[in-house]
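To start, the structure itself, in structure tokens.
The values are calculated or read from the model by the stated rules, or taken from the named source; none is laboratory data. Keep in mind the model is a prediction, meaning the values are calculated, not measured. Virtual Cβ from ideal backbone geometry, glycine too; neighbours counted across all protein chains shown. Calculation scope for accessible area: heavy atoms of the full protein, side chains included, ligands and nucleic acids excluded. Shrake-Rupley method; radii C 1.70, N 1.55, O 1.52, S 1.80 Å.
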Amino acid sequence: MSEQIDLNSVMGESFGVWKMGADAEMLRIVSSANIACGFHAGDPLVMDETVRTAKANGVGIGAHPSFLDLWGFGRRTIQGESPEDIEKIVAYQIGAMIGIATRAGAEVQHVKAHGTLGTQAAADSTLAMAIGRAIAAVDRRLIWIVMAGTELERAGEALGLTLAREIYADRAYDDAGRLVSRKLPDAVIHDVDRAAARVRAMVEDGAIHAESGKRLKVKIDTVCVHGDNPAAVGMARAVRETLDKAGIAIRPLREILS
């Protein structure tokens with residue numbers, strides 16, 4: 001069992017006058033923030049505000065690149081993108097986040113693919129390698145948050161990147177260790193106490209717990225609570241308190257993986 005772990009959440013998903021999530025509250029709880037880069041949500045003003053608030057709270061800053069899909073919030077299946085184009089759109093978004101962070105006197109710590117880009121790449125080695133090559137091309141010091149036991153992890157290992165293996169507090173897993181489709185019932189967990197207890201069990205076991213009861217041994221460096229879940233703030237707080245009580249300290253990725 002790890003004695004310390006990162007707690008991450010998605011941030012900066014507002015757009016113009018449209019507001020999403022309770023970022024200010026979440027940034028007082030989590031240790032790393034995955035900040036939307038404008039392709040599924042977010043804009044330069046929102047990115048700047050989120051970066052500055054994260055920095056003020058000592059929270060690690062990450063780029064959260066997506067397919068170009070504002071209409072579908074990055075959760076629609078996008079077909080036909082070549083690996084080369086995926087590299088370009090991911091590099092573009094990382095570069096945008098680095099520019100915003102540098103202007104704010106902050107540093108980008110990590111990259112995590114958003115939504116369908118991440119879930120498709122978890123099962124598609126070609127797509128996973130394209131994301132990994134983009135990260136390596138921009139800055140090999142960036143930590144790549146990947147779903148443990150998937151093609152994302154294998155691509156990162158093949159490219160020699162620093163990886164943070166992730167589990168989700170609020171998503172159900174199938175027997176292959178992949179996220180259950182949001183189109184299926186009970187794919188998203190809303191019960192705060194259930195989520196917190198489940199996270200503690202997975203971290204202590206060093207294993208993903210599938211809905212069937214199957215356990216898949218994996219390395220776990222970080223836990224994600226989705227910021228757009230209506231129960232997000234309460235869930236993140238409950239997860240943190242539960243891990244604290246178990247003697248598992250919450251720390252940003254740079255501290256854990258250094």
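Tabulated data for the structure shown
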item: Gly156, sole failed condition from (1) more than 26 Å from Ala56 (Cβ to Cβ); (2) out of contact with any Phe, Trp or Tyr (no Cβ under 6 Å at 6 or more places or on another chain); (3) not hydrophobic (A, V, I, L, M, F, W, C); result: (2)
item: Any hit, region 118-130, residues being open to solvent by 10 Å² or more (accessible area, probe 1.4 Å) and without any contact (Cβ under 8 Å) to a residue 40 or more places away in the chain; result: yes
item: Single condition Arg178 does not satisfy, out of (1) over 22 Å from Gly62 (Cβ atoms); (2) open to solvent by 40 Å² or more (accessible area, probe 1.4 Å); (3) at pLDDT below 95; result: (1)
item: Residue that is open to solvent by less than 30 Å² (accessible area, probe 1.4 Å) and more than 17 Å from the chain's Cα centre (by Cα), where the choices are Gly12, Gly72; result: Gly72
item: Any hit, region 37-55, residues being over 15 Å from the mean Cα position of the chain (by Cα), under 29 Å from Glu204 (Cα atoms) and surrounded by fewer than 22 Cβ atoms within 10 Å (Cβ to Cβ); result: no
item: Strands (runs of 3 or more DSSP E) contained entirely in region 1-66, each with at least 1 residues that are in contact with a helix residue (DSSP H, G or I) (Cβ under 8 Å, 6 or more places away or on another chain) and among the acidic types (Asp, Glu); result: 4-11
item: Residue among Met147, Met202 that is in contact (Cβ under 8 Å) with a residue 24 or more places away in the chain and either within 22 Å of Thr50 (Cα to Cα) or open to solvent by less than 10 Å² (accessible area, probe 1.4 Å) (or both); result: Met202
item: Residue count, region 211-231 (criterion: over 23 Å from Thr162 (Cβ atoms) and within 19 Å of the chain's Cα centre (by Cα)); result: 6
item: Subset of region 15-26 [open to solvent by 30 Å² or more (accessible area, probe 1.4 Å) and touching a residue at least 40 places away in the same chain (Cβ under 8 Å)]; result: Phe15, Met20, Gly21, Ala22, Asp23, Glu25
item: Which listed residue, of Ile89, Ile61, Ile98, Ile29, is within 18 Å of the chain's Cα centre (by Cα), surrounded by 15 or more Cβ atoms within 10 Å (Cβ to Cβ) and closer than 22 Å to Pro230 by Cβ; result: Ile29
item: Unique match (being outside any strand (DSSP E or B), open to solvent by less than 80 Å² (accessible area, probe 1.4 Å) and touching a helix residue (DSSP H, G or I) at 6+ places or on another chain (Cβ under 8 Å)) among Ala137, Ala155; result: Ala155
item: Residues of region 181-196 satisfying the condition of being surrounded by 14 or more Cβ atoms within 10 Å (Cβ to Cβ), outside any loop (DSSP other than H, G, I, E, B) and out of contact with any Gly (no Cβ under 9 Å at 6 or more places or on another chain); result: Val188, Arg194, Ala195, Ala196
item: Sole exception among (1) in a strand (DSSP E or B); (2) free of Cβ contacts under 8 Å to residues at least 24 places away in the same chain; (3) among the aliphatic types (A, V, I, L, M) for Ile167, by number; result: (2)
